[in-house]
1. Quick one: among E112, E20, E91, which has the greatest mean-square fluctuation in a GNM of the chain with alpha-carbon springs under 10 angstrom?
2. Just want to confirm a number: the relative contact order over the chain, from Cα pairs under 8 angstrom separated by 6+ residues, in percent.
3. Per residue, how much accessible area does the chain have with a 1.4 Å probe, in Å²?
4. Kindly rank 95-104, 52-61 from highest to lowest mean number of other beta carbons found within 10 Å of each residue.
5. Quick one: Cα convex hull volume of the chain, Å³ per residue?
6. Using alpha carbons only, how many degrees (0 to 90, rounded to 10) separate the axis of helix 15-27 from the longest principal axis of the chain?
7. Using a 1.4 Å probe on the protein heavy atoms, what percent of the accessible area of the chain belongs to carbon and sulfur?
8. Straight-line reach only, C-alpha to C-alpha below 19 angstrom: list the aspartates and glutamates that K19 could link to, leaving out same-chain residues fewer than 8 apart.
Amino acid sequence: LQKSLNETFGADKYSEARKEVLINMFSRPMQMALYFCTGVLEDETLFRHYALNVPFYTHFTSPIRRYADVIVHRLLSASLGASSPIKMEKEAIQKQADHCNDRKMASKRVQELSTDLFFAIFVRVR
């Protein structure tokens, strides 16, 4: 997709802006990843990563960024035997995952509204 967009828009002064707008529009319909506790899901096919085509997948970044990443780091460390097991029931972990998903969705919605606003201003000015 990226190569196709680069070839299509050429190199005039607005080509980058047009390409960014289309990338934004193409990526918006993609399903957003959700946090979940594997202990509450019985269907292991839900653990897979569609785009990477792998059956089991977890994602995290620096634990200073998001609470969900702190939880993932702690669970991964415990599962590898590098630290003590977490003293949380799987339902409590799922409740935390649901809360993180809610906050992420709200943040995403605000980001989309902001992008829409600035895109409208950009189009109006041009």
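The values are calculated or read from the model by the stated rules, or taken from the named source; none is laboratory data. Values in this document were obtained by computation on a predicted structure and should not be read as measured data. FYI the Cβ positions are ideal-geometry reconstructions off the backbone, even for glycines, and counts take in every protein chain you see. Ligands, DNA and RNA are stripped out before the accessible areas are found, and what is left, the full protein with its side chains, is counted by its heavy atoms. Shrake-Rupley method; radii C 1.70, N 1.55, O 1.52, S 1.80 Å.
1. Maximum fluctuation in the GNM of the chain, among the listed residues, is at E20.
2. 20
3. Value for the chain: 80 Å² per residue.
4. 95-104, 52-61
5. So the per-residue Cα hull volume is 151 Å³.
6. 40
7. Percent of accessible area from carbon and sulfur atoms in the chain: 59.
8. Within the straight-line limit of under 19 Å, K19 reaches these aspartates and glutamates: E7, E112, D116.
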